[in-house]
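Undergrad: So that we are looking at the same thing, I have put the structure below in structure tokens.
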Number of protein chains: 2
Amino acid sequence: MTTSEGGRTGRRPGPGTSRDAILAAARDQFTQHGFKGATLRAIAGRAGVDPGLIRHFFGDKEGLFTASMEMPPEAPAAVLGVFAEPVDEWGERLTRAYLSLWEDPDTAGPLRATVVSAFANDQALDRLRLFIVSTVLEQARPHLPADEPDLRLATAMTHIIGIALGRYLLKAPPLVAADLDVLVALVGPTVQRYLTGPLPGGAAEDPDGDNDCK
Amino acid sequence: MTTSEGGRTGRRPGPGTSRDAILAAARDQFTQHGFKGATLRAIAGRAGVDPGLIRHFFGDKEGLFTASMEMPPEAPAAVLGVFAEPVDEWGERLTRAYLSLWEDPDTAGPLRATVVSAFANDQALDRLRLFIVSTVLEQARPHLPADEPDLRLATAMTHIIGIALGRYLLKAPPLVAADLDVLVALVGPTVQRYLTGPLPGGAAEDPDGDNDCK
DNA sequence: CCTTGACTTCCACAAACGTAGAGTTCTACA
DNA sequence: TGTAGAACTCTACGTTTGTGGAAGTCAAGG
């Protein structure tokens, strides 16, 4: 975002805006071309900055990468906080909380970078799985029905993530056109059903939810 | 002229085991490191072949890439064929047909490569969206309820794809551990509900009333 | 035999990459 | 006002990459 000064070297006048410009450009390039595909020169070019500056701020290409995936700590907390609410409201709340992360420009960038890189890099994928499995699952399991709590949360989360991918990454027209509230009203009940509803194959009309079918 | 090959002489395209080895290695490397991240030398090394052979068979790195994403034509037909079945059976059939594509080693490779590259490459993403939107949507829309048919199919497809990503790419333990039949029984009804069930907020009446949470 | 064309390998090159360090200019603080 | 250090640019090096062509090998037909 910084204008390129012609020929001049040394520190630019005014407050340093370059760091943020580099981060924005990095997220853009990493999500568009992957880790190896994105070049430091292209990122610097987009940011209107000398490539050497990247090394100054982030040391490494991997340093830049991890920095570009960091998101404000209140972001995951917003999703995790849903688990403190009554369990019968999780469906809509969870859906709305997660999709809101993708709506907010501040968190959408890192989120995008995280997901995309997870699909193109085994290490990043391991990190993502670890976060979902351990953090999310551990937080939610105590409040879920005894039969197959892991499978319940996995299908629910997968569903929400799938919607997010379709709307914000694949940009499927029907999902993009839909209003966020419509989407939440549509998906929320399904998520709720996965979380606390009866499971097929077992005693479906069991009101206690106390069945041990597998 | 004894053969139907015309009057051509010389060595015929042999049983060439190298070509297939290259394709397998290419799919492996492309899905693991992305298009730019995968190197022709690494692919050739994995295939136990000289890098020059790749150029001989596929000409280009992009030629190799597109070739590695081609899948047997009967694969998409298996999914599209579901639309010829009664609409009230689409839920389970669609789910099973698509997930089966990921179970079959012959189609899982290209499918994996397609999806992964779509997330790391804008062109591939456009291709995938075009296929889903135009081919799948056009085929299914005539049989769907009049209210929001596109949104119905979009949520349904997104859900199935999300499950596939969680099970076969992210490898979320609960989804991996679950039997395919269990997964179909769990997800199928949800998909069916998206396709033909009532929409929240809308005034649509549900004639067959299969709103049972079974 | 010999010819032919597909298969396979080796060597080489130009471009682009990440990294490195030295040098230049501006801000912050005493 | 002066100085330390952060911000910033320039030039350069070593490596790796995709690509190209020349040359050798092997099976099949004349």
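The values are calculated or read from the model by the stated rules, or taken from the named source; none is laboratory data. Quantities reported herein were computed from a predicted structural model and do not represent experimental measurements. Here Cβ is always computed from backbone atoms with ideal geometry, including for glycine, and neighbour counts include all displayed protein chains. Just the protein is used for accessible areas: all its heavy atoms, side chains included, with ligands, DNA and RNA removed. Shrake-Rupley method; radii C 1.70, N 1.55, O 1.52, S 1.80 Å.
Undergrad: Given the criteria within 16 Å of DNA strand C (Cβ to nearest atom) and either within 18 Å of A:Ile160 (Cα to Cα) or open to solvent by less than 50 Å² (accessible area, probe 1.4 Å) (or both), does A:Ala21 qualify?
TA: So A:Ala21 fails the test.
Undergrad: Scanning region B:27-64 for residues that are within 11 Å of DNA strand C (Cβ to nearest atom) and among the aliphatic types (A, V, I, L, M), which turns out nearest to A:Ala118 (Cα to Cα)?
TA: Among those that are within 11 Å of DNA strand C (Cβ to nearest atom) and among the aliphatic types (A, V, I, L, M), it is B:Leu40.
Undergrad: For region A:142-154, give me the residue count where each residue is in a loop (DSSP other than H, G, I, E, B) and more than 10 Å from every other protein chain (Cβ to nearest Cβ).
TA: So the answer is 4.
Undergrad: Specify which of the listed residues (A:Gly63, A:Gly81, A:Gly91, A:Gly52) is in the same structural domain as A:Arg167 (by TED's automatic domain parsing), modelled with pLDDT of 90 or more, out of contact with any helix residue (DSSP H, G or I) (no Cβ under 6 Å at 6 or more places or on another chain) and open to solvent by less than 50 Å² (accessible area, probe 1.4 Å).
TA: Result of the check over A:Gly63, A:Gly81, A:Gly91, A:Gly52: A:Gly81.
Undergrad: Could you count how many residues in region B:28-39 are open to solvent by 30 Å² or more (accessible area, probe 1.4 Å), under 19 Å from A:Ala38 (Cβ atoms) and more than 8 Å from DNA strand D (Cβ to nearest atom)?
TA: Residues that pass the stated criteria total 3.
Undergrad: B:Ala140 - would you say it is open to solvent by less than 20 Å² (accessible area, probe 1.4 Å), closer than 19 Å to B:Pro189 by Cβ, modelled with pLDDT of 95 or more and not assigned by TED's automatic domain parsing to the domain that holds B:Gln32?
TA: The answer is no for B:Ala140.
Undergrad: Can you list the helices (runs of 4 or more DSSP H) lying wholly within region A:70-141 that have 3 or more residues being under 16 Å from A:Ala154 (Cβ atoms)?
TA: Once the helices (runs of 4 or more DSSP H) in region A:70-141 are filtered for at least 3 residues that are under 16 Å from A:Ala154 (Cβ atoms), what remains is A:90-103, A:122-130, A:137-140.
Undergrad: Please tell me if A:Ala42 is within 16 Å of DNA strand D (Cβ to nearest atom), open to solvent by less than 20 Å² (accessible area, probe 1.4 Å) and not assigned by TED's automatic domain parsing to the domain that holds A:Phe131.
TA: no
Undergrad: Counting only residues that are open to solvent by 10 Å² or more (accessible area, probe 1.4 Å) and more than 7 Å from chain B (Cβ to nearest Cβ), how many does region A:172-184 have?
TA: 6
Undergrad: Sticking with this structure for a sec: Tell me which of these B:Pro105 doesn't satisfy, since it passes every other one: (1) more than 16 Å from DNA strand D (Cβ to nearest atom); (2) surrounded by fewer than 13 Cβ atoms within 10 Å (Cβ to Cβ); (3) more than 17 Å from B:Asp28 (Cα to Cα).
TA: With respect to (1) more than 16 Å from DNA strand D (Cβ to nearest atom); (2) surrounded by fewer than 13 Cβ atoms within 10 Å (Cβ to Cβ); (3) more than 17 Å from B:Asp28 (Cα to Cα), B:Pro105 is out only on (3).
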